Amino acid sequence: MSAHAAEPTPGVLPMPERNPKSLRAVIAQHAPQLLPDFDEHWKRAIADTFDIAPLPAFRARWWGEYAIARDPELDTHMADVHHRAAESTDLAEAEALLVEASQIRHRVRETEPGE
């Protein structure tokens, strides 16, 4: 596993409170490239359906997306891992890269507010 997944780069912004409103606010301010997808997903999964059952999955996904995007070094590393996996002609190498990306995503979802 890469050191990139262990801890955020020094100087990385802390995570917000673990709710959609706080998460949307930090995404809008610090990772605006994610905002259109966040808003579309919110509209499709929650707002248009008036169903809060998907809320935990929604929050988990966007918690992880922001946790990666807020750390430029980790964000670059993840983009590189995905690119290398997509370009690989070696199935074992591509699988190992996707496993690495998955492990990073699972780890960042455990980040607590303020970390």
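Values quoted throughout were computed directly from the atomic coordinates according to the rules given, and no laboratory measurement underlies them. Source: prediction; values computed, not measured. As a convention, Cβ positions derive from the backbone with ideal geometry for all residues, glycine included, and neighbour counts pool all protein chains shown.
Using the eigenvalues of the Cα gyration tensor, what equivalent ellipsoid semi-axes result for region 48-115 when each is taken as the square root of five times the eigenvalue, whole Å, largest first?
Equivalent ellipsoid of region 48-115: 27, 16, 10 Å, largest first.
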Label point distance in nm, residue 102-residue 33, each placed 7 Å from Cα along Cα→Cβ | 2.5 nm
Relative to the longest principal axis of the C-alpha atoms of the chain, give the angle of the C-alpha long axis of helix 91-109, reported between 0 and 90° and rounded to the nearest 10°.
-> 40 degrees
Between the Cα axis of helix 72-87 and the main Cα principal axis of the chain, the angle (0 to 90°, nearest 10) is 60 degrees
Cα-based Rg of the chain per 2.2 N^0.38 Å, rounded to two decimals?
-> 1.13
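Run the helix sum for the chain: -39,500 (n - 2.57) per DSSP H stretch of 4+ residues, divided by residue count, reported at 222 nm to the nearest 500 deg cm²/dmol.
Value at 222 nm, helices only: -19500 deg cm²/dmol.
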